[in-house]
Amino acid sequence: MERLENIKSYPMTLLEADSGFGKSTSLQHFFDTRNPEAYPLYQHEFHSETPAEAWKIFCGLIAAVDKESAERLSVIGMPDEDTMPEIAQTIQGISCDRETFLLLDNFQLWELYRPCEFLTYLSSHGGEKLHIVVATHPYVKEERGGLIRSGLLYLLQEEAFAFSKEDTDAYYREAGLPLTGVQLEEVMRLTDGWVMALYIQMDAFVRAGKFEQGGMTALMQKTFWGGLSEDEKDFLLEVSIFPTFTLSQAQAFSGLTMEGTENRLREKRFFIRYDRENSCYTMHTQLQKMLEEKFALLPEERQKEIYLKGGGLAEKAGDRMNTLRFYYRAGAWERLYAMPLTSYDIADTIDETTTPMILDIMEHTTHEMKVRYPKSLVPLAFTLFFLGQNEELLRQKDDIESVIAECSVSKEEKNAMRGELELLLSFLEYNRIDAMSGRHRRALKLLGGPATLINSKSTWTFGSPSVLYMYWRESGKLNEELEQMDECMPYYYRLSRGHGTGAELIMRAEAHLHRGESDDAEILCHRAIFTADSKRQNSIAQCGVFTLARLALLHGDRELLEDSLATLRDRSYRNTEDLCRYTYDLANGYLSLLLGKPEEVAPWLAEGKIDDRRLVIMSQPFAHIIYGRVLLEKKEYKKLLGMGGYVMGISSIFPNLLPQLYMKIYMVQAYMALGKPKEAKENLRDALAIALSDRVFLPFAENYEGIKKLLPDCCEQEARDKIAELFRTIEKGLAQIIGHGLTSRELDVIRLIKQGDSYTDIAKKLFMADTTVKWHMKNIFQKTGVNSRKQIENGNF
């Protein structure tokens, strides 16, 4: 207790010891007896939560201290290589001006990415009067080396909890069992002062008059387990399937009265602890481990019987995750089908542990059972789409249709189920607007009103910052696709209660932007954002704000750009969906490269770590627009050409023309740099063939300097004039925003000066005479007010 007093003096305290050393007991006693001022204590003991559940719990604890920081952590998402830097920054910004304790017990059970790195950041929290306490199993010295060196942490290890010989002697005397010198030496040799082992050895000594030889497993088996009645053994095996359990759940297994059950649990208080904060019981890790091993040895039918009972109790408590797990393991799939499932219920249960169960249930449920419970089929099938099992979903389609035809429900109910199925199948038509809308209209006709399958709060864009990117799929058909969006979206809005509202306006605004029609684009953009916000469609509004930011670059409007970037950031914090987790990175990465700030591109994006873990296949090609430009800026031409074929492939899946167009333009510049003008011209002609029939000029203007020499051989004068005009608009806008009115050439000179290049080196790199470089320098001095090269090198302007 005296050593634990240091908790009050450090930002974080780390208690490292194996289970059974008394960490939790000591801490509980400390907070019960050594907190006379009644400072707030927020605590959680981790058990078998999924990483996502554990992160949600952690954010909830932080919310009790600093709500704003907690919301930001929730939006950033669970720790991984992408989120760790932002999590660290947010933790450093935590505010706490009142003495407060936050306890994370059994921390080792949280399946956390780089736990010691996370703890290092946690110890650097900004809460002046916040004291975080972490109780965990020991980490190896190499893992927590940086943590200890930080000076922000107080460390207590096993030696602080282990009983000395004197402690053990006093403990046994207190229990009425004075030991001889030989006995004391023996029990210390067997236990090393481990209090749980000392407790169990005491029990063995009372029963047999001698200490038990062997490790903890043998001790638990021979002394604790061996001393239980068969009823007590059955009770513990049954209740052990729950990570935590309530008194009423325990009573359902015990067969005793509430009072009798509570007394039984109290008798095992050394191994079963009551969590007053959450009104539930938790088993000690050592007991849980032993029970898991014994449960696995039970006959299969007995296991299923226990799981079936547990499933009923979990369902009664509204515990969807354990309901699914227990009914599945009991083989009681009919009980699952009989539940009033919605797509939200099922979607909420999907994680790495439940996914195989759902696939197994869909695959092996009998046709007869499905006919008895037809209303659960579409919600279950919806999970196949979430899991990327589109082929399986198509395979299930015919079976679902036959089930609907055979089941004994009213015609109206059958039509409703057919309508929900049509809506589900529309996802498989992405991104063919007319085909999707055909299913939407059939669904609306069958349902006669809104469907239950779509949650209007969910993202519409799959995390993409651009609607045009999503739905421009056929060269020469952009106007037709815009008209289809205008015609089709109202049907979808009626079906989905406004999900995606404003999408057709944003797509048309983006089309104007790419054609250089900036005034029309901006007017539509503002209208789209207002429309989207009226239905709380944040993913659509984000696309609108991104378009405004791009317009700000054209107009040289620094204030609009800064406002748009701030709004994008703010909206990303408010959008908690996983699909939108990286939308800001995509938008900001694109803008940062145009602004000449490659260092501000998110590390995962700059390194090309574009995969299913971060982005769904629908939005991956957009990320390659950014990564391709990163490679171009870094002059990694061969790598760029090597990935070009891959990007063209994944961009052709739906297809998406914008990434194909950008990749072709990047490849033009790569081939030119490698001295291959023939290949460069071929790719430029391909790019122009994709874009000019739809009057899409912006991607060429953004890359004008790298392609302008080839344009006369590849396209007509009218197109060249439009591209050049749009380039000059971009150049002027960027100069006004980032360079005190500096031209792109002047900005190039400044960039090379900052790298330490001489005037001669700059002239060679920019293919100009030394005198031209000096002329640019004179203009730079006049525009920025600096009067020496040294000031530019130091950034003093």
(message) Conditions first: (1) in contact with a His (Cβ under 8 Å, 6 or more places away or on another chain); (2) touching a residue at least 24 places away in the same chain (Cβ under 8 Å); (3) part of a helix (DSSP H, G or I). W460 passes all but one, so which condition is the exception?
(response) (3)
(request) Could you check how many residues of segment 19-44 are within 17 Å of V134 (Cα to Cα) and in contact with a helix residue (DSSP H, G or I) (Cβ under 7 Å, 6 or more places away or on another chain)? (result) 10
(message) Considering only segment 755-763, I want to know if a residue exists there that is under 30 Å from K664 (Cβ atoms), touching a Lys or Arg at 6+ places or on another chain (Cβ under 9 Å) and part of a helix (DSSP H, G or I).
(response) no
(request) Residue by residue through segment 289-336, note down the ones that are assigned to a helix (DSSP H, G or I) and among the small types (G, A, S). (result) A296, G310, G311, G312, A314, A330
(request) Filter segment 531-560 down to residues that are touching a Gly at 6+ places or on another chain (Cβ under 6 Å) and either on the phi > 0 side of the Ramachandran plot or acidic (D, E) (or both), then give me how many there are. (result) 1
(request) Go through A673, A691 for me and flag whichever is over 19 Å from P465 (Cα atoms) and buried (at least 21 other Cβ atoms within 10 Å of the Cβ). (result) A691
(message) Step by step: first the residues of segment 507-532, then only those that are of a type outside the set (G, A, S), within 19 Å of A691 (Cα to Cα) and touching a residue at least 24 places away in the same chain (Cβ under 8 Å), then the one that is surrounded by the fewest Cβ atoms within 10 Å (Cβ to Cβ). Which residue is that?
(response) R515
(message) Of everything in segment 1-24, what is free of Cβ contacts under 8 Å to residues at least 60 places away in the same chain and either in a helix (DSSP H, G or I) or in contact with a Cys (Cβ under 8 Å, 6 or more places away or on another chain) (or both)? Give them in sequence order.
(response) E5
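Residue-wise test of (1) under 18 Å from E429 (Cα atoms); (2) modelled with pLDDT of 85 or more; (3) of a type in the set (K, R).
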| residue | (1), (2), (3) |
| --- | --- |
| M362 | no, no, no |
| K370 | no, yes, yes |
| T383 | yes, no, no |
| L387 | yes, no, no |
| N390 | yes, no, no |
| D398 | yes, yes, no |
| A405 | no, yes, no |
| S408 | no, yes, no |
(request) Tell me, yes or no, whether segment 546-555 has at least one residue that is over 29 Å from L444 (Cα atoms), surrounded by fewer than 18 Cβ atoms within 10 Å (Cβ to Cβ) and in contact with an Asp or Glu (Cβ under 7 Å, 6 or more places away or on another chain). (result) no
(request) Search segment 698-723 for residues that are assigned to a helix (DSSP H, G or I) and pair each with any residue that is among the hydroxyl-bearing types (S, T, Y) and buried (at least 20 other Cβ atoms within 10 Å of the Cβ) when their beta-carbon atoms are under 6 Å apart and the residues are at least 6 apart or on different chains. (result) P699/Y662
(request) List every residue pair whose Cβ atoms lie under 6 Å apart, where the two residues are 6 or more positions apart in sequence or sit on different chains, the first residue falls within segment 166-188 and is over 13 Å from Y199 (Cβ atoms), and the second residue, located anywhere, is part of a loop (DSSP other than H, G, I, E, B). (result) E186/F211
(message) Looking at I57, I94, I62 in this structure, which one is assigned to a helix (DSSP H, G or I), in contact with a helix residue (DSSP H, G or I) (Cβ under 9 Å, 6 or more places away or on another chain) and not assigned by TED's automatic domain parsing to the domain that holds R569?
(response) I62
(message) Kindly evaluate S458 against the criterion of being touching an Asp or Glu at 6+ places or on another chain (Cβ under 7 Å), in the same structural domain as H514 (by TED's automatic domain parsing) and surrounded by fewer than 21 Cβ atoms within 10 Å (Cβ to Cβ).
(response) no
(request) Determine if segment 689-696 includes at least one residue that is touching a residue at least 40 places away in the same chain (Cβ under 8 Å), over 14 Å from W472 (Cβ atoms) and β-branched (V, I, T). (result) no
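The values are calculated or read from the model by the stated rules, or taken from the named source; none is laboratory data. Nothing here was measured: the structure is a model prediction, and the numbers come from that model. Note that each Cβ is placed from the backbone with ideal geometry, even for glycine, and that neighbours are counted across all protein chains shown.
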